[in-house]
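Asker: Take a look at this one; I'll ask things after.
The values are calculated or read from the model by the stated rules, or taken from the named source; none is laboratory data. All values derive from a computational prediction rather than experimental measurement. Positions of Cβ are backbone-derived with ideal geometry, glycine not excepted, and every protein chain shown enters the neighbour counts.
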Amino acid sequence: MKLNYLVLGISLCLLSSGVSAQVGITLTDESIKPGYSGKSYSPYAQRDFSSRPLFGDQHVHTVYSMDAALFGNTLGLDESWRFARGEEVTSSTGIPVKLGRPLDWMAIADHSDQMGFAGDIIKGSPEVMKSEQGKKWATAMSKGGQTSVDAGIDLVYTFARGEMDPYLTETYSPGSTKYNTIWQRMVKAADHYNEPGHFTALIGYEWTSLTDGRNLHRNVIFRDGGDKASQVVPFTMMEPYGSPDPLKLYEWMESYERKTGGSALAIAHNGNLSNGIMFPVGKQFTGRKLDKFYVESRAKWEPLYEVTQIKGDGEAHPFLSSDDEFADFYTWDKGNLDASVNKTNDMLEYEYAREAMKNGLVLEKKFGTNPYKLGLAAGTDAHTSLASIEEENFFGKHPGSEPSAERMSGLFQEGDNIQIMDYEMQAAGLTAVWATENTRESIYDAMQRKEVYATTGTRMAIRFFGGWDFTQDDINSRHLAFVGYEKGVPMGGDLKPVKGKEAPSFMVAALRDPIGANLDRVQIVKGWLDKKGKTHEKVYDVVWSGDRKPDSKGKLPAVGNTVNVKAANWTNTIGAPELLTVWTDPDFDAKESAFYYVRVLEIPTPTWIAYDAFRFGVELSEIPKGAKTVEQERGYTTPIWYTP
């Protein structure tokens, strides 16, 4: 055990030594003479360090989101920010709750449509009671029980059909006094809790495009503080105050930057619930043909994609990646967002990140721009105000799925032929950014250059560099980041062809979460476009724990399993605390465009369901059939791209 901690300590130095590419570390006789000018003996001097990954969540909803309030969330901005910073709060269901470790940063992303409306319905505010429609809902909700539930459902469907009282719509839409006041509160709260160097409170909101139940949601994140963000109000989905078309959102973002001199980016999420429209190749969801304007606009405004969260994992799908034994992970593939339309296999290609990145290579060849050059991020999408995603501390999607003996058997969502159970929720995820400091500007800039990676909630550290000259000695030096930036590009970067070089090499290092599980393996996922215009993919196991050897077909044996489900624990007697290697692509063709990203797998650990069963005394035989009690948590880096 002592050896593991020693290795962890050394590895933390290795992984946290991020640095810009300007300064070398080669020593000369001059470098040790008094008054020298040039390179320092100290490898840490004169460097702009990216000192450690900063973990955060860009996707949390408070009582200001209509659905969150209707689900029973009573917690506001203050509770959400305080919780993320590590303070104890009381959940909407009366449970004391605190994070095991504070976040480094967060963004509250309340839905921009009808912001604050449902909360006022529940309170019976004066604005609501002026409308007969609003008064009806408020009265029904005050009675509680099924009457309240039915009123909430009626409210949501009335809103979705565009049949809201015009007075209520106008009162809770951008430009109204009520709406503008709520937005100013959100901005001021973020400024209040923002503490540069300690905790970053990013300003943001969620644009909730939903046509026929097909998810096209985006979180809009600002680089700026309240002085600029307060000059505008969010863009919405409902016309005439907004539009469900992403191109219109990009126009709004461009207008914001032009008006304020600030910066904003968008992060799409849950393509797995879009029923085939999140990553179009032929036509946009509006029916218009994909064109140069679309691909250039999307590439400019959406550098990141939220690849994993409570409502499933969106990296890959087993139907699309049949040779990938780890592709089927929290695969929500039954239907669209509101469970109103069943999923068909022909939709899947346009929903998952890996397939989108492959199709992006095709579109780049056609239009000269790759709209799906995606940085991979993660978030919770929690509607509890609580960014609580640890398996042993999971507070669910909404107050109805906060901890209880019954929640694993609850119904998450139901349609005519679709049923999603609460046990299908994934306790995920976190975005890690390699930022030079914990500030809005630095975190945003890391997002913009895509030097980020996603995890399913674990705080593993991952470094990934691509170049043409990496050697094993570069890894053995323990200054991986120094040489990584000097000889190559980090995750999110582009490899350019180099004359005389046969194949690129990739340097990767992964360090386990300091209080988490050991690592099983590191994989590099490659996607490429061949000379005939056809896309391909391959998953390479590049380094793994133990003395396992691949079989004749190249398959690596499983790492094993130490989980005791009944006791909801495991041991780190298998796996490794760190894994690192230099890998050269054995199948490289300099004439083919390609991307490479890293997937790191932990050893098996208990899920939140196992923790619930242990804490509430649920017998293992009573756990619903199909509920996972063991999983392998993972991290996904942003790719490195190669273009001939």
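Asker: Take the conditions in a helix (DSSP H, G or I), within 33 Å of the chain's Cα centre (by Cα) and over 15 Å from Phe117 (Cβ atoms) and apply them to Asp154. Does it pass?
Answerer: Values: in a helix (DSSP H, G or I): yes; within 33 Å of the chain's Cα centre (by Cα): yes; over 15 Å from Phe117 (Cβ atoms): no.
Criteria not met by Asp154.
Asker: I'd like the full set of residues that are of a type in the set (Ser, Thr, Tyr) and surrounded by fewer than 18 Cβ atoms within 10 Å (Cβ to Cβ), limited to region 244-256. Lay out the reasoning, then the answer.
Answerer: Just the residues of region 244-256 that are of a type in the set (Ser, Thr, Tyr), to begin with: 250, 255-256.
Across region 244-256, the qualifying residue is only Ser255.
Asker: Right, something else. Here is a check on your reading of the model: is Ala299 in contact (Cβ under 8 Å) with a residue 40 or more places away in the chain and under 21 Å from Asp110 (Cα atoms)?
Answerer: Against the criterion (in contact (Cβ under 8 Å) with a residue 40 or more places away in the chain and under 21 Å from Asp110 (Cα atoms)), Ala299 does not qualify.
Asker: When you go through Gly493, Gly488, Gly466 one by one, which is the residue that is in contact with a strand residue (DSSP E or B) (Cβ under 6 Å, 6 or more places away or on another chain) and buried (at least 24 other Cβ atoms within 10 Å of the Cβ)?
Answerer: Values: Gly493 fails: buried (at least 24 other Cβ atoms within 10 Å of the Cβ); Gly488 fails: buried (at least 24 other Cβ atoms within 10 Å of the Cβ).
It is Gly466.
Asker: All but one of (1) touching a Ser or Thr at 6+ places or on another chain (Cβ under 9 Å); (2) closer than 21 Å to Asp513 by Cα hold for Asp541; which doesn't?
Answerer: (1)
Asker: Continuing with the same structure: Show the residue pairs that are 6+ apart or on different chains and have beta-carbon atoms under 7 Å apart, the first residue being within region 398-415 and in contact (Cβ under 8 Å) with a residue 40 or more places away in the chain, the second being in a strand (DSSP E or B) and surrounded by 20 or more Cβ atoms within 10 Å (Cβ to Cβ).
Answerer: That search, which allows pairs on different chains as well, returns Gly415/Gly335.
Asker: Tell me, which residue of region 416-462 that is among the aromatic types (Phe, Trp, Tyr) and crowded, with 24+ Cβ neighbours inside 10 Å is nearest to His59 (Cα to Cα)?
Answerer: Within region 416-462, the first condition is being among the aromatic types (Phe, Trp, Tyr), and the residues that meet it are 423, 434, 444, 453.
Imposing the further condition that a residue be crowded, with 24+ Cβ neighbours inside 10 Å reduces the set to 434, 453.
Working: Trp434: 19, Tyr453: 15 Å.
Out of the qualifying residues, it is Tyr453.
Asker: Additional query: Specify the residue that is farthest from Gln413 (Cα to Cα); the eligible residues are those in region 339-377 that are under 21 Å from the mean Cα position of the chain (by Cα), assigned to a loop (DSSP other than H, G, I, E, B) and not hydroxyl-bearing (Ser, Thr, Tyr).
Answerer: Asn370
Asker: Follow-up. Which of the helices (runs of 4 or more DSSP H) contained wholly in region 211-307 include at least 2 residues that are within 23 Å of the chain's Cα centre (by Cα) and farther than 23 Å from Trp332 by Cα? Walk me through how you get there before you give the answer.
Answerer: Numbers: elements: 226-229, 246-260, 292-301.
Helices (runs of 4 or more DSSP H) meeting the threshold: 246-260, 292-301.
Asker: Any residue at all in region 73-87 that is at pLDDT 90 or above, part of a helix (DSSP H, G or I), touching a Pro at 6+ places or on another chain (Cβ under 8 Å) and among the aliphatic types (A, V, I, L, M)?
Answerer: So in region 73-87, the residues at pLDDT 90 or above come out as 73-87.
With the extra rule that they be part of a helix (DSSP H, G or I), the set shrinks to 77-84.
Among the residues that remain, those that are also touching a Pro at 6+ places or on another chain (Cβ under 8 Å) are: 84.
Then keep just the ones that are among the aliphatic types (A, V, I, L, M); that gives 84.
Looking through region 73-87, at least one residue is at pLDDT 90 or above, part of a helix (DSSP H, G or I), touching a Pro at 6+ places or on another chain (Cβ under 8 Å) and among the aliphatic types (A, V, I, L, M).
Asker: Restricting attention to region 482-507, which residues are in contact with a Phe, Trp or Tyr (Cβ under 8 Å, 6 or more places away or on another chain) and under 28 Å from Pro102 (Cβ atoms)?
Answerer: Listed by number, the residues that qualify are Pro490, Met491.
Asker: Please specify each residue of region 289-305 satisfying the condition of being crowded, with 17+ Cβ neighbours inside 10 Å, in contact with a Gly (Cβ under 8 Å, 6 or more places away or on another chain) and farther than 30 Å from His61 by Cβ.
Answerer: As a first pass, look at region 289-305 and keep what is crowded, with 17+ Cβ neighbours inside 10 Å: 290, 294-295, 297-299, 301-305.
Now narrow it down to the ones that are in contact with a Gly (Cβ under 8 Å, 6 or more places away or on another chain): 290, 303-305.
The one that is crowded, with 17+ Cβ neighbours inside 10 Å, in contact with a Gly (Cβ under 8 Å, 6 or more places away or on another chain) and farther than 30 Å from His61 by Cβ: Leu290.
Asker: Given the residues Asp547, Asp612, which is the only one that is at pLDDT 95 or above and in a loop (DSSP other than H, G, I, E, B)?
Answerer: On the way: Asp612 fails: in a loop (DSSP other than H, G, I, E, B).
Just a single option satisfies the conditions, and that option is Asp547.
Asker: In the list Thr384, Thr308, Thr286, which residue meets the criterion of being surrounded by fewer than 17 Cβ atoms within 10 Å (Cβ to Cβ) and over 16 Å from Glu537 (Cβ atoms)?
Answerer: Values: Thr384 fails: surrounded by fewer than 17 Cβ atoms within 10 Å (Cβ to Cβ); Thr308 fails: surrounded by fewer than 17 Cβ atoms within 10 Å (Cβ to Cβ).
Sole residue among the options that is surrounded by fewer than 17 Cβ atoms within 10 Å (Cβ to Cβ) and over 16 Å from Glu537 (Cβ atoms): Thr286.
For every residue, the table says whether it meets (1) of a type in the set (A, V, I, L, M); (2) surrounded by 18 or more Cβ atoms within 10 Å (Cβ to Cβ); (3) touching a Cys at 6+ places or on another chain (Cβ under 6 Å).
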{"position": "Leu202", "(1), (2), (3)": "yes, yes, no"}
{"position": "Ala229", "(1), (2), (3)": "yes, yes, no"}
{"position": "Gly242", "(1), (2), (3)": "no, yes, no"}
{"position": "Arg258", "(1), (2), (3)": "no, no, no"}
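Asker: Also, quick follow-up: Hey, can you tell me all the residues within region 267-284 that are within 16 Å of Leu210 (Cα to Cα) and aliphatic (A, V, I, L, M)?
Answerer: If the condition is that a residue be within 16 Å of Leu210 (Cα to Cα) and aliphatic (A, V, I, L, M), then Ile267, Ala268, Leu273, Ile277, Met278 are the ones that fit.
Asker: Moving on to the next point. With respect to Ile153, determine if the residue is of a type outside the set (Asp, Glu) and assigned by TED's automatic domain parsing to the domain that holds Leu202.
Answerer: Numbers: of a type outside the set (Asp, Glu): yes; assigned by TED's automatic domain parsing to the domain that holds Leu202: no.
For Ile153, the condition - of a type outside the set (Asp, Glu) and assigned by TED's automatic domain parsing to the domain that holds Leu202 - is not met.
Asker: Restricting to region 418-443, what's the tally of residues that are closer than 24 Å to Phe464 by Cβ and assigned to a helix (DSSP H, G or I)?
Answerer: Within region 418-443, the subset closer than 24 Å to Phe464 by Cβ is 426, 428-439, 441-443.
Filter once more, so that each one left must be assigned to a helix (DSSP H, G or I): 441-443.
The number of residues fulfilling the criteria is 3.
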